[in-house]
Ligand SMILES: NC(=O)c1ccc[n+]([C@@H]2O[C@H](COP(=O)([O-])OP(=O)(O)OC[C@H]3O[C@@H](n4cnc5c(N)ncnc54)[C@H](O)[C@@H]3O)[C@@H](O)[C@H]2O)c1
Ligand SMILES: [Zn+2]
């Protein structure tokens, strides 16, 4: 079993990476979790993954109750929270209780928020089952729900006691979701680690063949890269913004396309756009742009969006909650893959030219 530590003083926690649930008992023991456990999952994950996971907890001597929420982003809201709270109330939990999030980012975010708020905070464990959750959302402690059409607008920073990644859960994940998760993986390489970027590019085929050694190495590197950023900037004061590479234009496309494309697919388009913007600003060469586009094409992620509505995407960017004042901030590669800087850009023609290039 591989272990990565997220170092956040008294909120530090380990991420364990494995190919099954055989070590779950040991992890519970080292986290000193002794109270009742409630596993929260969604309808899809329940179908494919929950039995094996619950069995591992029972074999480790835990008392586990399961609560299944409907799958889908549209259920990451306060109505589902209310159902979770009601279920927890019925179990007469005390503060030694633990909520286990078994699922993707939706389950992780909502379960984490329930754990952060129920009885003013109970224990929380994450068992992420999508590539996005294994590489991104389970590291960093952002938890929350959507409200009145605004994504993740109600929430908290709340760190789990541990994260347990079982890479074999990816085998039942729809392939489109696996591809989308790879966008964030590629992003981690581009922002901080060229060698890891190369590794991912070289191993695309093995990823889709669920090569366990490759999947475990990717999980380890992803968690280490994201943890290194979060450790320096837990509450998003500055550095953490580099994780938004590909997201300024990506988010806008996601909204303009009415969420018909997956988040990772929009981030893929956003990364191509960011690379081109850096090229136009002479911060990077054509070869680097072609390399990134080539990797994303190989994965099967979109790098082109025919008929893109340039004005709508441009205007949408100004609604993004991460924008300070009226200027747009972009995270752009500097000189090479593996290094980025934040740039404030108010050249409307340049931004529109970059968005338009996605349609060509
Ligand atoms: N907290 C953070 O830092 C952070 C970061 C990025 C994204 N997010 C959030 O994460 C969410 C997206 O996460 P996601 O992409 O994991 O989506 P998701 O949780 O909706 O999962 C995607 C789909 O795959 C299904 N699924 C999950 N695991 C499966 C498995 N092993 N086998 C079969 N089906 C499976 C789910 O039921 C769902 O239908 C968004 O709500 C986003 O806001 C949070
Ligand atoms: Zn993202």
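Of note:
- Enumeration of residues in segment 258-279 that are more than 19 Å from residue 104 (Cα to Cα) and at pLDDT below 95: 258
- Residue match in segment 182-197 (condition: away from ligand 1 (no atom under 13 Å from the Cβ), over 23 Å from residue 50 (Cα atoms), touching a residue at least 60 places away in the same chain (Cβ under 8 Å) and surrounded by fewer than 17 Cβ atoms within 10 Å (Cβ to Cβ)): yes
- Residue satisfying all of: in segment 246-271; in a loop (DSSP other than H, G, I, E, B) and within 13 Å of ligand 1 (Cβ to nearest atom); surrounded by the most Cβ atoms within 10 Å (Cβ to Cβ) among these: 246
- Neighbours by Cβ (under 6 Å, 6+ apart or cross-chain): first from segment 111-125, at negative phi; second at pLDDT 95 or above and part of a helix (DSSP H, G or I): 114/84; 118/88; 122/115; 124/112; 124/115
- Residue check, residue 103 under 21 Å from residue 51 (Cα atoms), crowded, with 21+ Cβ neighbours inside 10 Å and near ligand 1 (Cβ under 6 Å from one of its atoms): yes
- Qualifying residue in segment 155-162 (condition: touching a strand residue (DSSP E or B) at 6+ places or on another chain (Cβ under 9 Å), within 16 Å of ligand 2 (Cβ to nearest atom) and within 30 Å of residue 91 (Cα to Cα)): yes
- Residue within segment 230-239 that is outside the structural domain of residue 120 (by TED's automatic domain parsing), touching a helix residue (DSSP H, G or I) at 6+ places or on another chain (Cβ under 8 Å) and farther than 29 Å from residue 30 by Cβ present: yes
So that you can scan it fast, the table gives a plain yes or no per residue for (1) more than 10 Å from the chain's Cα centre (by Cα); (2) under 13 Å from residue 226 (Cβ atoms); (3) more than 10 Å from ligand 1 (Cβ to nearest atom); (4) assigned by TED's automatic domain parsing to the domain that holds residue 87:
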{"residue": "114", "(1), (2), (3), (4)": "yes, no, yes, yes"}
{"residue": "122", "(1), (2), (3), (4)": "yes, no, yes, yes"}
{"residue": "130", "(1), (2), (3), (4)": "no, no, no, yes"}
{"residue": "137", "(1), (2), (3), (4)": "no, yes, no, yes"}
{"residue": "144", "(1), (2), (3), (4)": "yes, no, no, yes"}
{"residue": "155", "(1), (2), (3), (4)": "yes, no, no, yes"}
{"residue": "161", "(1), (2), (3), (4)": "yes, no, yes, yes"}
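- Within segment 25-48, the set of residues being within 9 Å of ligand 1 (Cβ to nearest atom), in contact with a helix residue (DSSP H, G or I) (Cβ under 9 Å, 6 or more places away or on another chain) and closer than 18 Å to residue 84 by Cα comprises 41, 42, 44, 45.
- Residue check for residue 149: away from ligand 2 (no atom under 15 Å from the Cβ) and within 21 Å of residue 248 (Cα to Cα): yes
- From the list 219, 274, the lone residue that is in contact with a strand residue (DSSP E or B) (Cβ under 7 Å, 6 or more places away or on another chain), part of a helix (DSSP H, G or I) and either in the same structural domain as residue 14 (by TED's automatic domain parsing) or under 26 Å from residue 6 (Cβ atoms) (or both) is 219.
- Flag for residue 330 being away from ligand 1 (no atom under 16 Å from the Cβ), assigned by TED's automatic domain parsing to the domain that holds residue 205 and buried (at least 19 other Cβ atoms within 10 Å of the Cβ): yes
- Lone qualifier among 58, 54 - being surrounded by 16 or more Cβ atoms within 10 Å (Cβ to Cβ), more than 22 Å from residue 143 (Cα to Cα) and out of contact with any helix residue (DSSP H, G or I) (no Cβ under 7 Å at 6 or more places or on another chain): 54
- The single condition among (1) more than 16 Å from ligand 2 (Cβ to nearest atom); (2) within 15 Å of the chain's Cα centre (by Cα) that residue 91 does not satisfy is (2).
- Of the residues examined, residue 134 is one that is farther than 19 Å from residue 65 by Cβ, buried (at least 24 other Cβ atoms within 10 Å of the Cβ) and at pLDDT 95 or above.
- Meets criteria (assigned by TED's automatic domain parsing to the domain that holds residue 93, at pLDDT 95 or above and within 16 Å of ligand 1 (Cβ to nearest atom)) for residue 54: yes
The values are calculated or read from the model by the stated rules, or taken from the named source; none is laboratory data. Source: prediction; values computed, not measured. Methodologically, a virtual Cβ is constructed for each residue, glycine included, from the backbone with ideal geometry; neighbour enumeration extends over all protein chains shown.
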